[in-house]
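The values are calculated or read from the model by the stated rules, or taken from the named source; none is laboratory data. Everything numeric here is computed off the predicted structure, so don't read it as measured data. Positions of Cβ are generated from backbone atoms using ideal geometry, with glycine treated the same way; all protein chains shown enter the neighbour counts.
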Amino acid sequence: MANGMFNRYAARGGVVDRVQYDEGLRAHMLRVYNYMMTGLAVTGLVAFLTASLAMTNRDVAVLLYGSPLKWLVMLAPIGFVFFLSYRINQIEAGTARTLFWVYSAVMGLSLSSIFLVFTGASIARVFFITAATFGAMSLWGYTTRTDLTRFGSFLIMGLFGIVIAGLVNIFIGSTALQFAISVIGVLVFTGLTAYDTQSIKEAYAESWGAEANTKLAVMGALKLYLDFINIFISLLQLFGQQRN
């Protein structure tokens, strides 16, 4: 599965002490999950505080959700993802970490509207369902001996299909299409959780050192963060209870 730069056995001229490698891999994956969970915490806190402010201040609500600024809030996270993806090799590890935290905060602004649309109880319920689903699939992706790369192209095709259908539905506003997007979204991003976990595991190599592996950890956290967020949003569309 892994090759080239990201060869899991590419350390010390190809000779790897297995015990040392496994310890390093566990530490690396723990760092990935810590980054991801911290990012989710930042997103949740910013989303909740922003929504609370919007509920008590009409001017803030109009500015964020009823003015052209809403498009910047919606699209800014996409810009961060593209920047990190294409510039990760040119920036320092500390900068990549900082950009991930900033991205998480911006995503919180973008997701704050869910607290205005759905009840707090249903948001909490869907969050825990998402966490259980994500945890199970990520654990399977980490432990399975099945090579998941053969499913990658189908999952990526499904991802592009969701994006295109979502853009179309912005203009037509079909509830049936939104339902289909949500169902397919759960399936695709659940599969991507296992696929991404395995690819993050396979990408690790001791030989690249702390700087390179920190960047790998940040990018791995970003992938898993996006999987979690998209499963959560899809499930919320399906099972969230809207406010009266």
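The table below lists the values:
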read-out: Unmet requirement for Arg145, which otherwise passes all of (1) surrounded by fewer than 16 Cβ atoms within 10 Å (Cβ to Cβ); (2) in a helix (DSSP H, G or I); (3) charged (D, E, K, R); value: (2)
read-out: Residue in the range 231-243 that is crowded, with 23+ Cβ neighbours inside 10 Å and closer than 27 Å to Thr95 by Cα present; value: no
read-out: Pairs where the first residue, in the range 59-76, is assigned to a helix (DSSP H, G or I) and the second is of a type in the set (D, E, K, R), C-beta under 8 Å, 6+ apart; value: Leu64/Lys70
read-out: Condition met for Leu226 (of a type outside the set (Asp, Glu), in contact (Cβ under 8 Å) with a residue 60 or more places away in the chain and in a helix (DSSP H, G or I)); value: yes
read-out: Selection status of Arg150, of a type in the set (D, E, K, R), surrounded by fewer than 18 Cβ atoms within 10 Å (Cβ to Cβ) and in a helix (DSSP H, G or I); value: yes
read-out: Some residue of the range 179-198 being touching a residue at least 24 places away in the same chain (Cβ under 8 Å), more than 20 Å from Tyr86 (Cα to Cα) and of a type in the set (D, E, K, R); value: no
read-out: The lone exception for Ala124 - which of (1) surrounded by 14 or more Cβ atoms within 10 Å (Cβ to Cβ); (2) closer than 26 Å to Asn244 by Cα; (3) not acidic (Asp, Glu) it fails; value: (1)
read-out: Count - residues of the range 167-179 that are modelled with pLDDT of 85 or more and surrounded by 14 or more Cβ atoms within 10 Å (Cβ to Cβ); value: 2
read-out: Yes/no for Gly161 being of a type in the set (Gly, Ala, Ser), within 21 Å of the chain's Cα centre (by Cα), at pLDDT 90 or above and assigned to a helix (DSSP H, G or I); value: no
read-out: Among the candidates Ala105, Ala61, residue that is within 24 Å of Gly220 (Cα to Cα) and of a type in the set (Gly, Ala, Ser); value: Ala105
